[in-house]
Amino acid sequence: MEFLNFVLIFATGVLVLRRPDKEALAFRLLLFCAALTVFLFFVGSRTSVLPPFNY
């Protein structure tokens, strides 16, 4: 899932550089990437064997 996040962030950068008129789509992709990152953090910390934030 993290690789998908990196690919989406890269695609957002390419989209902004190559097609500036698609800025709204790039912004939505970036918001989706941020939400995916937060979701993955909570899934990783909630289902962890160790207590959260105690690595």
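Electrostatic bookkeeping for Leu40 treats Lys and Arg as +1 and Asp and Glu as -1; over the other residues with beta carbon under 14 Å from its beta carbon, the sum is 0. Spin-label model, Lys22 to Leu40: label points 7 Å out along the Cα-to-beta-carbon direction sit 2.2 nm apart. Net charge in the neighbourhood of Arg28 (other residues with Cβ under 15 Å of its Cβ; Lys, Arg +1, Asp, Glu -1) is 0.
All of the numbers you see were taken from the coordinates with simple rules; none came from a lab. The structure presented is a predicted model; accordingly, all values stated were derived computationally and were not measured. Here Cβ is always computed from backbone atoms with ideal geometry, including for glycine, and neighbour counts include all displayed protein chains.
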